[in-house]
Amino acid sequence: ITKSVALIGSNPQTTTIIGQVNRNVINVTANDVTIKGFTITESSIARQDTGILLWFSNRTTITSNIIRNISVAVQLVNSSFCNINQNIITKLQIQSYTYPYPIITGGTAFVSRGSLDNVDARGFCVNNTISANNISYVGSGLYLSSDSHNCTIINNNITRCSETGLSVHLSNNLT
């Protein structure tokens with residue numbers, strides 16, 4: 001997605017975006033994008049591909065989606081003022097191995113300790129909000145890497161993680 005747009009599905013139970021093997025499902029490089037109401041699945045089970053990759057994308061909203069069977073559910077790279085809320089993220093696997101983090105915020109592409117994350121923020125990712133997500137059956141729930149400052153993480157339900165529920169690395173002023 002290279003232009004500001006609202007991509008809105010009618011219902012995540014009936015509107016599915018199926019990714020191609022060895023590719024991210026949705027790449028966002030524009031500002032002011034909304035992705036709402038989809039099931040996003042199957043980008044790749046053999047690589048570190050992402051369901052939704054925000055690459056230098058600001059003020060983007062990802063809400064009310066089901067994201068499953070993907071290496072990394074949501075990854076923010078140098079993206080700020082984004083809202084990730086009310087999503088269901090589950091069963092993220094690669095080659096029968098469940099990896100750690102579903103949502104990652106920060107500045108650079110995020111893979112930690114050789115394992116994949118469900119929400120990942122890397123690089124300079126500031127003022128992001130991650131709220132009211134249900135994250136289950138994953139390696140790790142949330143990962144905030146270096147320079148993920150002034151972020152709000154609230155009311156997320158993170159269960160059945162094989163590693164950690166929340167991991168924070170070199171980030172400040174988190175709520």
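Listed values, structure above:
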| item | result |
| --- | --- |
| Estimated FRET transfer efficiency (residue 154, residue 91; beta-carbon r; R0 22 Å; 0.05) | 0.35 |
| Residue 31 versus residue 4: modelled label distance in nm, points set 7 Å from Cα along the beta carbon direction | 0.8 |
| Cα centroid separation, region 45-91 to region 7-26 (Å) | 12 |
| As computed over region 124-175, the Cα convex hull volume per residue (Å³) | 60 |
| Accessible area, probe 1.4 Å, largest first, for residues 53, 142, 166, 174 | 166, 174, 53, 142 |
| Most to least accessible of 143, 137 (protein chains only, probe 1.4 Å) | 137, 143 |
| Paired Rg and Dmax values of region 1-92, which use every Cα atom, in angstrom | 11.9, 32 |
| Gained length - residue 131 relative to residue 56, 0.36 nm times residue gap less alpha-carbon distance | 24.9 nm |
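The values are calculated or read from the model by the stated rules, or taken from the named source; none is laboratory data. What you are looking at is a predicted structure, and each value in this text was computed from that prediction instead of being measured. All Cβ positions, even for glycine, are placed from backbone atoms using ideal geometry, and neighbour counts span all protein chains on display. To get the accessible areas, we keep the full protein, side chains included, count just its heavy atoms, and leave off ligands, DNA and RNA. Shrake-Rupley method; radii C 1.70, N 1.55, O 1.52, S 1.80 Å.
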